[in-house]
Amino acid sequence: MRCVLLAALLASAALAPGLRAELRPKWEAGAGATGLRLPDYRGSDETRGYVFPLPYFVYRGRHMRFDREGLRGVLHESDRVEFDLSVAGSLPVKSDRNRARAGMPDLDPALEIGPKLNVTLWRDRPKEKRLDLRFALRGVVTTDLSHAKDAGYVFNPHLYFDSRPAFLGGKWDFSAQLGPLYGSERYHQYYYGVAPQFATPERPAFEASAGYSGLASGAALTRRFGKLWVGGFARYDALHGAVFESSPLFRRRQYVAAGVAVAWVFAESKDPVEVDD
């Protein structure tokens, strides 16, 4: 469900920190567009296409950064360990457009935010490659802008690989990650629970529990061509064995999402900063 933010985070990656110390502009700004293909939610059998305007922004402050890894408040950083804040989210779902949820309340947009611990397991600076073990814990809030609701939390320990492969005449920024996802009872209940008043003969009541929420994987590839930035991402989650498998709202054991984006960078800071990721 975090794929709604992936395209926006891709747009922050164009001149994001590489694996060597370099002088880069402190901030960059631009604009473009993104196209997304997303299931309504993890486990849904209905997929939709979206096209959105895409703001492009990179900020490389000492304690706050917005780059290829998203919005981060850096609380501690060393050569091997970094402790920061991470943000994710998801799009709303109109239940009258989803067969499994017909007659149920809509799903509001969700915002996820919380701490993330990054531990570098291996790094090859000359070849610009890095492997991290990361632990992300995020609280989830859903809102329609008139009210907000606590929707539990998610925990995602995962391996994260970063490199700068060279092909098609230049270097690209490539990243990939793989790891299990765990959700609280309230989180799973929001997406997969069926209250008795919404039960039907085809959709029995269901009360979700906390636990394993599937194996999440994803990859992103971006590159700058002068002031033009291009990027794409793909995500695949294997949901076999998830604790909500018996929910009548769970229709598909694979979650597949993808997106592409382009942006034109029209402004950047004249003050360079040294970055070393």
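Projecting the Cα atoms of W122, L221, F206 onto the charge dipole of the chain, computed from C-beta unit charges around the Cα centre, puts L221 farthest toward the positive end.
With each run of n ≥ 4 DSSP H residues scored as -39500 (n - 2.57), what mean residue ellipticity at 222 nm is computed for the chain after dividing by its residue count and rounding to the nearest 500 deg cm²/dmol?
Taking each H run of at least 4 residues, the total per residue is -1500 deg cm²/dmol.
Rounded to the nearest 20 debye, the dipole size of the chain about its Cα centre is 640 debye, using +1 on the Cβ of Lys and Arg and -1 on the Cβ of Asp and Glu. Classified by the C-alpha gyration tensor, the range 117-243 has a prolate form. Its axis ratio a/c, with a ≥ b ≥ c, is 1.5 or above, and a/b is larger than b/c. Solvent-accessible surface of protein heavy atoms, probed at 1.4 angstrom with all chains present, puts K227, K94, K129 in the order K94, K227, K129, largest first.
Against the empirical curve 2.2 N^0.38 Å, the C-alpha radius of gyration of the chain lands at a ratio of 1.04. With all protein chains kept in place, the per residue accessible area of the range 176-277 amounts to 49 square angstrom at a probe of 1.4 angstrom. Taking all protein chains together and rolling a 1.4 Å probe, L159 ends up with roughly 80 Å² accessible.
State the percentage of accessible surface on the chain attributable to carbon and sulfur atoms; use a 1.4 Å probe and exclude ligands, DNA and RNA.
Numbers: 8050 of 12960 Å².
Summing carbon and sulfur atoms, their accessible area is 62 percent of the total for the chain.
Set the bar at 28 Å for Cα to Cα. Now go through K26/K227; K94/K116; K26/K129 and name every pair that lies beyond it. In this structure, K94/K116 lie more than 28 Å apart at Cα.
The values are calculated or read from the model by the stated rules, or taken from the named source; none is laboratory data. Just so you know, these numbers come straight off a predicted model, no measurement behind them. Cβ atoms come from the backbone with ideal geometry, glycine included; neighbour counts cover every protein chain shown. All accessible areas refer to the heavy atoms of the entire protein, side chains included, with ligands and DNA or RNA removed. Shrake-Rupley method; radii C 1.70, N 1.55, O 1.52, S 1.80 Å.
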